[in-house]
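Bear in mind that the values in this text are calculations on the coordinates, not laboratory data. As the structure is a prediction and not an experimental result, all values here were calculated from the model. For neighbour counting, all protein chains shown are included, and Cβ atoms are generated from backbone atoms with ideal geometry for every residue, glycine included.
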Amino acid sequence: MKRITTLFLLSCTFLLSSCAAPDVEYYQGSQPEFNFKHFFSGKLKAYGVVQDYKGELTRKMVVDMNASWDGNNGVIEEDFVYDDGETQRRVWNITLNADNTLTGTAGDVIGIAKGKSNGSVFHWQYTLKLPYGDDTIEVNLDDWMYLVTQSRLINSTAIDKFGIEVGEVTLVIEKVD
């Protein structure tokens, strides 16, 4: 019985660890190199979709972005237009740190967003207040950005509530000439 219990626990540990996302360090050396400040400078445009927990499309969006920097402190303005006509604005205040980490705040972000880049990938996590009916709900975002070219990236964000994934956002973000 002891052997079966041990085997069962080892199997569960293996299954749980195989489901975990890789650490950003896994992408060290991947190309092209993601320089957050370089990519998020000037005008950008994003096109995206929101899917619910079943993977069904719930919304589409277009986002106009403008990013500027003063040393290692940046501001990224995001203006969202959804397919149902709703608009939303988020202004990020970003700080780049010497150790390749980044912190950010915004009006609808609770606390501080924290992230890090390595190779062609940037990963950050934060808690967001989302409009919900006449109120708001708090959700956790696990945000992965994959630089495809120096002017285009793909952003995949898992949205969870109480540790359960309730949705996903996928964006293609492009620098505008």
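A compact table of results
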| item | result |
| --- | --- |
| 15 Å beta-carbon shell around Thr149, net charge (K/R +1, D/E -1) | 0 |
| Pair Asp23, Asp134: separation of 7 Å Cα→Cβ label points (nm) | 4.8 |
| Matching label, Cα extents along the principal axes in Å computed from the structure shown, candidates [x] 110, 36, 20; [y] 59, 41, 22; [z] 65, 43, 28 | [z] |
| The range 41-84 residues near the modelled Thr95 label - backbone nitrogen below 16 Å, point 7 Å along Cα→Cβ | 70-76 |
| Label-point separation in nm, Thr87 to Thr103, each point 7 Å along Cα→Cβ | 3.3 |
| Between 0 and 90°, nearest 10: helix 2-19 axis offset from the chain longest Cα axis | 10 |
| The chain, helix-only ellipticity at 222 nm - DSSP H runs n ≥ 4, -39,500 (n - 2.57), divided by all residues, nearest 500 | -4000 deg cm²/dmol |
| Per-residue ³J(HN,Hα) for the range 157-163, Karplus 6.51 cos²θ - 1.76 cosθ + 1.60, θ = phi - 60°, Hz, x for Gly and Pro | 10, 8, 10, 10, 10, 6, x |
| From the C-alpha gyration tensor of the range 110-177, square roots of 5λ in Å | 25, 14, 11 |
| Most to least packed among 23-35, 148-160 [average Cβ atoms within 10 Å] | 148-160, 23-35 |
| Computed E for Gln31/Ile164 - FRET, C-beta separation, R0 45 angstrom, nearest 0.05 | 0.80 |
| Residue-count net charge about Val172 - beta-carbon cut-off 10 Å; Lys, Arg +1, Asp, Glu -1 | +1 |
